[in-house]
1. What are the residues in the stretch 87-122 that are closer than 12 Å to Ile149 by Cα and under 18 Å from the mean Cα position of the chain (by Cα), if any?
2. Looking at (1) in contact (Cβ under 8 Å) with a residue 60 or more places away in the chain; (2) loosely packed, with under 14 Cβ neighbours inside 10 Å; (3) not hydroxyl-bearing (Ser, Thr, Tyr), find the lone condition where Lys66 falls short.
3. Which pairs do you get when a residue that is surrounded by 10 or more Cβ atoms within 10 Å (Cβ to Cβ), found in the stretch 122-135, comes within reach of a residue that is modelled with pLDDT under 95 and not in a strand (DSSP E or B), reach meaning Cβ atoms under 7 angstrom, with the pair 6+ apart or on two chains?
4. Being hydrophobic (A, V, I, L, M, F, W, C), in contact (Cβ under 8 Å) with a residue 24 or more places away in the chain and out of contact with any helix residue (DSSP H, G or I) (no Cβ under 9 Å at 6 or more places or on another chain) is the requirement here; does Val76 meet it?
5. Looking at Glu160, is it without any contact (Cβ under 8 Å) to a residue 24 or more places away in the chain, surrounded by 15 or more Cβ atoms within 10 Å (Cβ to Cβ) and of a type outside the set (Gly, Ala, Ser)?
6. Against the condition modelled with pLDDT of 90 or more and out of contact with any Pro (no Cβ under 8 Å at 6 or more places or on another chain), how does Val31 come out, does it pass?
7. Could you count how many residues in the stretch 91-121 are more than 30 Å from Asp60 (Cβ to Cβ) and surrounded by fewer than 16 Cβ atoms within 10 Å (Cβ to Cβ)?
8. Are there any pairs, at least 6 apart or on different chains, whose C-beta atoms fall under 9 Å, with the first in the stretch 91-117 and more than 23 Å from Asn74 (Cα to Cα) and the second among the aromatic types (Phe, Trp, Tyr) and not in a helix (DSSP H, G or I), and if so, which?
Amino acid sequence: MKKALIALLVLTILFTSASLAEDKQLWIDGVSLSLGMKKEFVIESFSKKHNLLQVEDKDDYVVMKKGESSAFNNVVGQIAFKNEKLSFASQTWGRFTTKDSLDMANSLYSSISRILDKGDKILGVKAETKRSTEMTINTIELIFTNKTIILSISDGRNVEKGVIIQENILKN
């Protein structure tokens, strides 16, 4: 669950801070979408298993599963159109409601917003895996001009599983 939260947070940062994605295709709850698809086809593709809630008076929609008991649990994505063609799609990867999840997300948000508020720019992201016979450590490194934020996820035999978030200063 923590791995999924970390992935969600990092990808959210990536897609809002820097347009790094070159792949123009996305799956939302079993529906394959590509930018430029005709609106009529997209709406029909969602109509059997989903409700579309229009956002204000725009051609933007929240995609929700039919039959879910809670609005919080039934949002699976968002779509938007320009000139009757799909111009935006967003997939919801998960919901995390435990105190630890919320604390971690708030900690990450606070660190990143503080760095960006000081005028630092995001330069890139690195992801790597280090393995030994006893442990695997997956790291995600957000690289800014003067700092890095590193998320380390440990997993293995006879090792405490967990996540560490570090903020580091750099000498240029």
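The values are calculated or read from the model by the stated rules, or taken from the named source; none is laboratory data. This is a predicted model, so every value here is computed, not measured. Note that each Cβ is placed from the backbone with ideal geometry, even for glycine, and that neighbours are counted across all protein chains shown.
1. The answer is Ser107, Leu108, Tyr109, Ser110, Ser111, Ile112, Ser113, Ile122.
2. (1)
3. Ile122/Ser17; Ile122/Ala18; Leu123/Thr145; Val125/Val10; Val125/Leu14; Met135/Val159
4. It is true that Val76 is hydrophobic (A, V, I, L, M, F, W, C), in contact (Cβ under 8 Å) with a residue 24 or more places away in the chain and out of contact with any helix residue (DSSP H, G or I) (no Cβ under 9 Å at 6 or more places or on another chain).
5. It is false that Glu160 is without any contact (Cβ under 8 Å) to a residue 24 or more places away in the chain, surrounded by 15 or more Cβ atoms within 10 Å (Cβ to Cβ) and of a type outside the set (Gly, Ala, Ser).
6. Criteria met by Val31.
7. Matching residues across the stretch 91-121 total 9.
8. The qualifying pairs are Met104/Phe96; Ile112/Phe144; Ile115/Phe144; Leu116/Phe144.
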